[in-house]
Amino acid sequence: MSISEAIKTVSEPINKLLVPVSSSAGSTLQDAWELVFGGFGNYVEKKRIVRMKALEDFKESLERKVADIPENQLCEPALSIVGPALEASKYYFEEPELREMFAKLISASMDSTKSQSVHPSFTEIIRQLSPLDAQNLACFVAPDGSFDRLPIVEYRIKNVPKRSYNVFQTNSFLSNPKEQSLTRQAVSIAVLARLGLVQVTFNAYLTTEALYKPFEQTDEYRVLTDYCSKQEGKALDLAKGEAFLTPVGEVFCSICLPTKSS
């Protein structure tokens, strides 16, 4: 049964209870019931159903991942890993990206070929990620499991006479097609860097120039270009850089991120 069907099933008994003997009186009673009890009650019930479905999806995903581990690789999971991971997951399993990360982490702790790479801090790292952060991390993992270095830029307004500049937008990241807001992406990249998963540098950049062309198609680029054209001594500088996974980030992704083929 889908979530929407389940919600409809829950709503029907209330509606049947209020079927009017006299249509006008019944309508008044139903309107009053919905006004006093319906909104909050239905909201709570709908949330409960959504959580039950998400929990079932989480359970099925975890069972499937454990079942995929060859029998000769199964091992007793460390309580320091599986305990905190299960405890933390109950607050995050409604988010598909984070739910999958917890399932991968727990199943890896039961795989003798991966358990030595599982660090207790991984649970806390997942807890501090948003779904967008998880999506951005996945951008660094190639389909073959290798790790990519990705383009990142800083929009700077140069003060030409003084040879100085002001940063308008840093950590501009466009490799995730699901999110094009430079502001949201800048925050996400900063969080990933703070957690020690990603490193950003503007002292080096990728040699393929075409990778930086999309940054010249953004609204920010057009606005700044127009602004600088009207200001004497101002020029737009697109400072090229690169972002890449740290050693911790590489291990974390290999343990906690679903493979691209799955």
Item to check | Identity of the residue in region 227-253, at pLDDT 95 or above and not in a strand (DSSP E or B), that ends up surrounded by the fewest Cβ atoms within 10 Å (Cβ to Cβ) | outcome: Pro247
Next on the checklist: Of the conditions (1) hydroxyl-bearing (Ser, Thr, Tyr); (2) farther than 25 Å from Ser188 by Cβ; (3) under 21 Å from the mean Cα position of the chain (by Cα), Thr225 satisfies every one except a single condition; which number is it?
Outcome noted: (3)
Checklist outcome for this item: Selection over region 226-262 where residues are among the polar types (S, T, N, Q) and over 30 Å from Asn166 (Cβ atoms) yields a count of 4
Checklist entry - Which of the residues that make up region 142-155 are at pLDDT below 95 and either buried (at least 20 other Cβ atoms within 10 Å of the Cβ) or not charged (D, E, K, R) (or both)? => result Ala142, Pro143, Gly145, Ser146
Item to check | region 48-102, subset modelled with pLDDT under 90 and of a type in the set (S, T, N, Q), residue nearest to Lys114 (Cα to Cα) | outcome: Ser80
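The values are calculated or read from the model by the stated rules, or taken from the named source; none is laboratory data. Please read all numbers here as calculations on a predicted model, not as lab measurements. Cβ coordinates were reconstructed from backbone atoms using ideal geometry, including for glycine residues, and neighbour counts include every protein chain displayed.
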